[in-house]
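Accompanying notes for the structure given below.
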Amino acid sequence: MALLTRPLLLLSRSGKVKQLVSTMPVSAGIVRSYVPGETTEAVVDATAALVEDGIRVTLDFLGEDTLDTEQADATVAAYLDVLEQLSARGLTRSAEVSVKLSAIGQALPDDAGYGGGHKIALENARTICRAARNAGTTVTLDMEDHTTTDSTLAILRELRKDFPETGAVLQAYLHRTEADCRALAYEGSRVRLCKGAYNEPEEVAFQSDLDVDRSYVRCLKVLMAGQGYPMIATHDPRLIEIASSLASRYGREQGSYEFQMLYGIRPEEQRRLVRAGERVRVYIPYGQEWYGYLMRRLAERPQNLTFFLRSLVSKK
Ligand SMILES: Cc1cc2nc3c(=O)[nH]c(=O)nc-3n(C[C@H](O)[C@H](O)[C@H](O)COP(=O)(O)OP(=O)(O)OC[C@H]3O[C@@H](n4cnc5c(N)ncnc54)[C@H](O)[C@@H]3O)c2cc1C
C-alpha cells in the first residue's frame, strides 16, 4: 500500500490527470460526495442542509501553498464572501470557517526568519478573524505539514490576543503534540485534535497506526481533563467511544466538547451522535481546487487509501 503513496502524489500534480479524473463519471460522483461544490452558493446551501439536521459546520475554501500574493488575496476575499453569505442566511451560529495559512501567504518566500510569508499570513488571518467576529462566528487554523507547526502556533498566539475564540488544530501523529495539548488546554481554548494527514518522517512523527492511536488517546486525555474546548476530529469508532467515556470520566457535559468529521464520511455516524445529544461539526471543503484535496485523502498516508475506498463502497 505504501508503494502507492509516491505515484499518487506525483499524479496529483498533473493537470492532465486532473482533467481525466474530472471527466470520468465515477470520479465526478466521488467529487460530489466529498466536495459539495465549487461556489460559495453551493457550499452555503450544503451548510443550510446540515444545519437543518442539527449538525454544525466548518468551511474550508480549498487551495494551499499559495505562491503569489494575488492568490492569497483572492482566498481572503473568498472567505469574506462566504462569511457574508452565511450571515445573510442566518447560519453563523452554526457555521464557522477553517483556514489553511499556506493558502493565505504562509508559503510565500521568507525574507528574514519569521518575516515574509509568516507576516503576510498573520495579517490575512487577522482580516478573516475580524470578518468572522463581525459575522458572529469563529475561525479555526488548520494544521499542515510539520515544517509549518511552529509558525502556525505562533500566528495562533498572536491572533488569540485579539480573537481568543480562534481554534487550533493539533495532530496526534507528531511526537510534540502531547506537550502542545498541555500548553493549549486552558480555558476558552478551542483545540481540534486529528490524527494528521501529511506524510511525515519518523524523526518527528509516529509511523504505525497503533502508535498514532495511542498518542491520540494520550492527547485526548490532556484536552478532556483540561479547561479548554476539545474538538475531536476523527471517524475512528474506537476513538469516538474512548472520547465519550473520557467525557464521563472528567465530568464533561455534552456541548463542552464536540465531534468533527469530514463532509461525506460516515454521515450516519454523524447523525447518530447528534441523536445521542452530542455536538457534531462537519468540515466542508469547497472551491475549484478540490482535486488536490481528494488526491491527498488517497496519497498522504497509506491507511487513507483504505479509508477512502471503503467510503466509496459503503457510505456509512
Ligand atoms: C474535521 C476534520 C478536520 C481535519 N483537519 C485536519 C488538519 O487541519 N490537519 C491535518 O493534518 N489533518 C486534518 N484532518 C484529517 C485527519 O488528520 C485524518 O487524516 C483523517 O481524519 C483520517 O483519520 P481518522 O481519525 O478518521 O482515522 P483513520 O485511521 O483514517 O480511519 C479510522 C477508522 O475509522 C473507520 N472509518 C473510517 N472511515 C469509515 C467509513 N467510511 N465507514 C466506516 N468506518 C470508517 C475505520 O475503522 C478506520 O480504521 C481533519 C479531519 C477531520 C475529520
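The values are calculated or read from the model by the stated rules, or taken from the named source; none is laboratory data. Every value quoted in this text rests on a predicted model; they were computed, and no experiment measured them. With ideal geometry, Cβ positions are generated from the backbone for all residues, glycine too; neighbour counts draw on all protein chains shown.
For this structure, a couple of remarks:
- Answer from 218, 266, 275 - the residue that is modelled with pLDDT under 95 and basic (Lys, Arg): 266
- Annotation note: of 122, 153, 170, the sole residue that is farther than 18 Å from residue 231 by Cα and either part of a helix (DSSP H, G or I) or in contact (Cβ under 8 Å) with a residue 24 or more places away in the chain (or both) is 122.
- Count of the range 31-77 residues which are assigned to a loop (DSSP other than H, G, I, E, B) and under 20 Å from residue 275 (Cα atoms): 3
- Meets criteria (under 16 Å from residue 171 (Cα atoms) and either within 9 Å of the ligand (Cβ to nearest atom) or loosely packed, with under 14 Cβ neighbours inside 10 Å (or both)) for residue 208: yes
- Residue 241 meets each of the listed conditions (1) surrounded by 14 or more Cβ atoms within 10 Å (Cβ to Cβ); (2) within 12 Å of the ligand (Cβ to nearest atom); (3) not hydrophobic (A, V, I, L, M, F, W, C) apart from (1).
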